[in-house]
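Chemist: Below is the structure I would like to discuss, written out as structure tokens.
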Amino acid sequence: MDAWLSRHLEAIRRHPGPLILEGEPGWGAPYLIAALNERPLVWLELNPRDAKDPVVQGNKLAEAVARALGSPLFGYAMPYDYGLSVLHNHLELLGPFTFALSGAEYGVGLARGLLGLGRAGSRVILHFSHLPAEFRPPAGSLRLGPEQLALTYEEAAALAQGGVHREQLETLLESSGRAYERFLLLLDAARGLFGPRARPSPRGPRPLSGEASATTEEQAQALFHALTQQRRWIEALELASAQLPHQIAQALEPAAQVMWTRGTLELLQHLLRRLPSDPQVLRWRLAAALEQDQEAELLPQVEALLQQEEAPELRALYALALYRRGDLEAGIHQARRAAEAAATPLTLHHWGWMCTLLDPTQALHVLTEALRLAERQQDRYHTVLCSLSLSQTFNALGRYEEAADWAEWGLNLYRHEGLGHDGLRLRLLLEWAASRILLGQTAGLEERLKQESPPLESAGSGLSALFRSTLADLYLSQGQAEQAERIYAELAQTTRRREEYVARANLWARALLECGRAEEALQVARRALRLAEGLPPFFRRHAQLAHGMVLSLRDPAQGKEILQKVLPELQTPLLASRLAQAGLYLARAQLTLGEAAAAEATLKSIRSFLTPGGAGYLAGPEEAFRPTLALLWKEHFDLELEFLGGIRVIHPRLANPCRLRYAELMAVLALHPAGLNLEALTLAVYGETASPQTAKADLSRLRGEGVGIESKPYRLAGRFRADFLEVTRLLQQGQVRKALGLYRGPLLPGSEAPAVVEQREALEEKLRQAVLASGDPEAVWLLAERLAQDLELWERALELLPSGDPRRVLARAQVERLRRDWGA
């Protein structure tokens, strides 16, 4: 290592804070960054074209992290804030790193965000060619600019190694302005060394001479051929648009596919605006504009072209634009026409998606055809997109298990194929979560969603809103109505579209009812009715549903009248969860009015769209809906125990949460339905030193709370249900995923009752062994996260997760940490 590098590296390594490098690259900043490689180097470089595109910056951050770790941690097509949030969440586990940003003047926001990662032993380096006025170096920074980076005579002499005489060395030093790289170039020339010198860069050494520009058509053609052979499609398209217009068609489709997959829509728009507006160019321009909610200004040009040509894929995208504009009938007509003109994965997918608004059953047929075609053509993006739409359609039809399967299949395919469009992955994840909520299989779901929480809050507004509404739905399903209501209220304040407000009104009203704020729920419903004026019938039905729900609890006769009208309307097109919710509230009103037979008929009509776990999410306050749910399942339990991960008892008189000792007694009695004598019960709950009279007194108090307990032997009277027994039953039947879905945590955490401790450990080990043996990567991952310190589970997760799955990085880090901690 030369003396110049040694001098600066020593100063940098001694300094604990961030490093700010100023000046053109010729002053040596890239050489310093490349030499600071004692820890994984996350190095990215921005250029002027990246300045106003946070998605491009996010893509470069994703690439830099993948290079440093050897596999991706997060995908493309998301703003840089997303990647920063992922790094913040996992920095202690994966780090320390050296984070370096070259061209930082083109990404001041990203630069500021990277500074927040300068903790847990990580170092941050920002290189500015010139320091922007809006960036103030933080206190404690080490700043090295041209004055500090200038070569000394001694350092220049060491670089020359006696190859030039003193006077020549002084001339070279003066001519270079004492800049490190310029001096090396002049030194090479003085020595007669004419091979290109390479400058370090994030992707490896880069020849300083750069690629020769093509000055003749023959040279341009040769360069174009070389770029296409290397699959550098974006550069090929830029060259074609500037010098080889006849080659645009060859480069356009693959270049647009790359930019689309990576979410670099600004770059895509920039390049396409320079090209002639033929159908293929307009197709990609409209696709990008729709993604950015900027299609309005492009539609006149699209409409003019569609009057002259069929252009099926452009027409399919135009159909989506019409739907967004509120012209549902025209959108459906155009989508059908596009699919009939040419069956492509895009035209069939868009027609299938439109069919969900008319006939979800027909939509399944069309989407399946689109999927098969995408698979035959090896169109990975549309294959995964079709799996998402199939999941959404199965959810609409009330076939929640199939919806969850398709969403999970899409996620697995996304990872196996190494797709980089993170927005698509996150939509699949949220659809999978929606299916799980409707199935009532929510164990571990909150942790999975919260992993994505900070990144998604900084994503595009539509994706962020979808995430937050899904999280609110989860809270509502878990009985945390106040948390859910806060999110629904925040979404209502920030939404810019009436449709979104109206579509969430029923669940917002549902949360307010559970919070005991019926008057506010009525205001939300009435506002939704007013805002739904002029919208397609689909949205008006949501508003009517919300209004009927609230009135069914305040004025059952009036609520019944509204819900009887809206119930058949929710069947065409079918939206199963909303139909089921309307049926639950209608049946509740009918029961209140003494119409038991009518209530039973209503519930029979919706029973196929409900699951025992999901019905409580769609219904209202627990006390108000207990008779309705009992009639729905034609099951009545005198006592229900939910003791996995906490204490919750469903009983007419016993308060929640009940005393731990009461919970321990009920848990042990549930484990022994045939009963126990007083001595055995005392030993199981209190241990060897306790007196049976203590147990007898507590049993008496528990009876006083209304819990039926028989004696001689002691056992629970009446019908009871316990979640920990249900998990055991599911494991015995081999239904590992369902068992894991119900396992919210250890049995009665905090209890030291001997029988409870024994059962807690036995149940966890049964579940653990079943998950390890299942070979199911999702199940293994969920349990590994939940148990956290289990090395065998993390090793199994690493073994099962596909190579492109971002979670492999985290699993590998957990394995290394646990092996290190345990000396394995």
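The values are calculated or read from the model by the stated rules, or taken from the named source; none is laboratory data. Remember, predicted model here, so these are calculated numbers, not experimental data. Neighbour counts are summed over all protein chains in view; Cβ atoms, including those assigned to glycine, are modelled from backbone coordinates with ideal geometry. Surface accessibility is based on the protein's heavy atoms, side chains included, excluding ligands, DNA and RNA. Shrake-Rupley method; radii C 1.70, N 1.55, O 1.52, S 1.80 Å.
Chemist: Somewhere in region 351-361, is a residue in contact with a Ser or Thr (Cβ under 9 Å, 6 or more places away or on another chain) and among the aromatic types (F, W, Y)?
Modeler: Checking region 351-361: at least one residue is in contact with a Ser or Thr (Cβ under 9 Å, 6 or more places away or on another chain) and among the aromatic types (F, W, Y).
Chemist: W43 passes all but one of (1) among the aromatic types (F, W, Y); (2) open to solvent by less than 30 Å² (accessible area, probe 1.4 Å); (3) more than 30 Å from E238 (Cα to Cα); (4) out of contact with any Asp or Glu (no Cβ under 7 Å at 6 or more places or on another chain); which number fails?
Modeler: Going through (1) among the aromatic types (F, W, Y); (2) open to solvent by less than 30 Å² (accessible area, probe 1.4 Å); (3) more than 30 Å from E238 (Cα to Cα); (4) out of contact with any Asp or Glu (no Cβ under 7 Å at 6 or more places or on another chain) one by one, W43 breaks only (3).
Chemist: Please specify each residue of region 350-382 satisfying the condition of being within 23 Å of R262 (Cβ to Cβ) and among the polar types (S, T, N, Q).
Modeler: Q377, Q378
Chemist: Considering only residues of region 157-190 that are open to solvent by 80 Å² or more (accessible area, probe 1.4 Å) and closer than 20 Å to L32 by Cα, which is modelled with the highest pLDDT?
Modeler: R178
Chemist: Answer yes or no as to whether H542 is open to solvent by less than 40 Å² (accessible area, probe 1.4 Å), in the same structural domain as E600 (by the TED database) and either under 30 Å from the mean Cα position of the chain (by Cα) or among the acidic types (D, E) (or both).
Modeler: Yes.
Chemist: Across region 488-510, what is the number of residues that are surrounded by fewer than 23 Cβ atoms within 10 Å (Cβ to Cβ) and hydrophobic (A, V, I, L, M, F, W, C)?
Modeler: Adding up the residues that qualify gives 4.
Chemist: Report, by residue number, each residue of region 110-141 that is of a type in the set (A, V, I, L, M, F, W, C) and in contact with a His (Cβ under 8 Å, 6 or more places away or on another chain).
Modeler: Filtering region 110-141 for residues of a type in the set (A, V, I, L, M, F, W, C) gives 110-111, 114-115, 117, 120, 124-126, 128, 131, 133, 135, 139.
The one that is of a type in the set (A, V, I, L, M, F, W, C) and in contact with a His (Cβ under 8 Å, 6 or more places away or on another chain): L117.
Chemist: While we're looking at this one, here's another question. Can you confirm whether S469 is at pLDDT 90 or above, among the hydroxyl-bearing types (S, T, Y) and either out of contact with any strand residue (DSSP E or B) (no Cβ under 7 Å at 6 or more places or on another chain) or open to solvent by less than 30 Å² (accessible area, probe 1.4 Å) (or both)? Break it down into steps so the answer makes sense when it comes.
Modeler: Numbers: at pLDDT 90 or above: yes; among the hydroxyl-bearing types (S, T, Y): yes; either out of contact with any strand residue (DSSP E or B) (no Cβ under 7 Å at 6 or more places or on another chain) or open to solvent by less than 30 Å² (accessible area, probe 1.4 Å) (or both): yes.
It is true that S469 is at pLDDT 90 or above, among the hydroxyl-bearing types (S, T, Y) and either out of contact with any strand residue (DSSP E or B) (no Cβ under 7 Å at 6 or more places or on another chain) or open to solvent by less than 30 Å² (accessible area, probe 1.4 Å) (or both).
Chemist: Are any residues in region 264-298 small (G, A, S) and either at pLDDT 85 or above or within 20 Å of R49 (Cα to Cα) (or both), and if so, which ones?
Modeler: Of all residues in region 264-298, those small (G, A, S) come to 277, 287-289, 296.
Scanning region 264-298 gives A287, A288, A289, A296.
Chemist: What residue, among those in region 663-699 that are closer than 15 Å to E758 by Cβ and acidic (D, E), is surrounded by the fewest Cβ atoms within 10 Å (Cβ to Cβ)?
Modeler: Restricting to residues being closer than 15 Å to E758 by Cβ and acidic (D, E), the top hit is E688.
Chemist: Looking only at residues in region 739-768 that are open to solvent by less than 30 Å² (accessible area, probe 1.4 Å) and not in a helix (DSSP H, G or I), which one is farthest from L644 (Cα to Cα)?
Modeler: Residue satisfying both the conditions and the ranking: A753.
Chemist: Something else: Determine whether region 715-726 contains at least one residue that is part of a loop (DSSP other than H, G, I, E, B) and at pLDDT below 90.
Modeler: yes
Chemist: Separate question: List the pairs whose first member sits in region 118-132 and is of a type in the set (D, E, K, R), whose second member is open to solvent by 50 Å² or more (accessible area, probe 1.4 Å), and whose Cβ atoms are under 8 Å apart, counting only residues at least 6 apart or on separate chains?
Modeler: R123/R39; R123/P96
Chemist: State all residues of region 776-792 that are open to solvent by 30 Å² or more (accessible area, probe 1.4 Å) and either without any contact (Cβ under 8 Å) to a residue 12 or more places away in the chain or outside any helix (DSSP H, G or I) (or both); if no residue qualifies, say none.
Modeler: Listed by number, the residues that qualify are D776, A788, Q789.
Chemist: Which residue, of E622, E600, is touching a strand residue (DSSP E or B) at 6+ places or on another chain (Cβ under 8 Å), more than 26 Å from L699 (Cα to Cα) and open to solvent by 40 Å² or more (accessible area, probe 1.4 Å)?
Modeler: The unique qualifying residue is E622.
Chemist: Return yes when R415 is at pLDDT 80 or above and under 13 Å from the mean Cα position of the chain (by Cα) and no when it is not.
Modeler: no
Chemist: Scan region 328-360 residue by residue and report those that are touching a residue at least 40 places away in the same chain (Cβ under 8 Å), open to solvent by 40 Å² or more (accessible area, probe 1.4 Å) and in a helix (DSSP H, G or I).
Modeler: Answer for region 328-360, where residues must be touching a residue at least 40 places away in the same chain (Cβ under 8 Å), open to solvent by 40 Å² or more (accessible area, probe 1.4 Å) and in a helix (DSSP H, G or I): just L328.
Chemist: Quick one: how many residues across region 714-733 are open to solvent by less than 40 Å² (accessible area, probe 1.4 Å) and free of Cβ contacts under 8 Å to residues at least 60 places away in the same chain?
Modeler: Total meeting the criteria: 4.
Chemist: Taking region 57-70 only, how many residues are open to solvent by 10 Å² or more (accessible area, probe 1.4 Å) and either under 18 Å from L93 (Cα atoms) or modelled with pLDDT under 85 (or both)?
Modeler: Of the residues in that region, 5 qualify.
Chemist: Filter region 71-83 down to the residues that are touching a residue at least 60 places away in the same chain (Cβ under 8 Å) and closer than 26 Å to A29 by Cα, then identify the one that is least open to solvent (accessible area, probe 1.4 Å).
Modeler: G83
Chemist: For the list (1) open to solvent by 50 Å² or more (accessible area, probe 1.4 Å); (2) at pLDDT below 90; (3) more than 21 Å from the chain's Cα centre (by Cα), I need the number of the one condition that V736 fails.
Modeler: Failed condition: (1).
Chemist: Follow-up question, since we're still on this one. What is the number of the single condition among (1) touching an Asp or Glu at 6+ places or on another chain (Cβ under 8 Å); (2) of a type in the set (G, A, S); (3) part of a helix (DSSP H, G or I) that A597 does not meet?
Modeler: (1)
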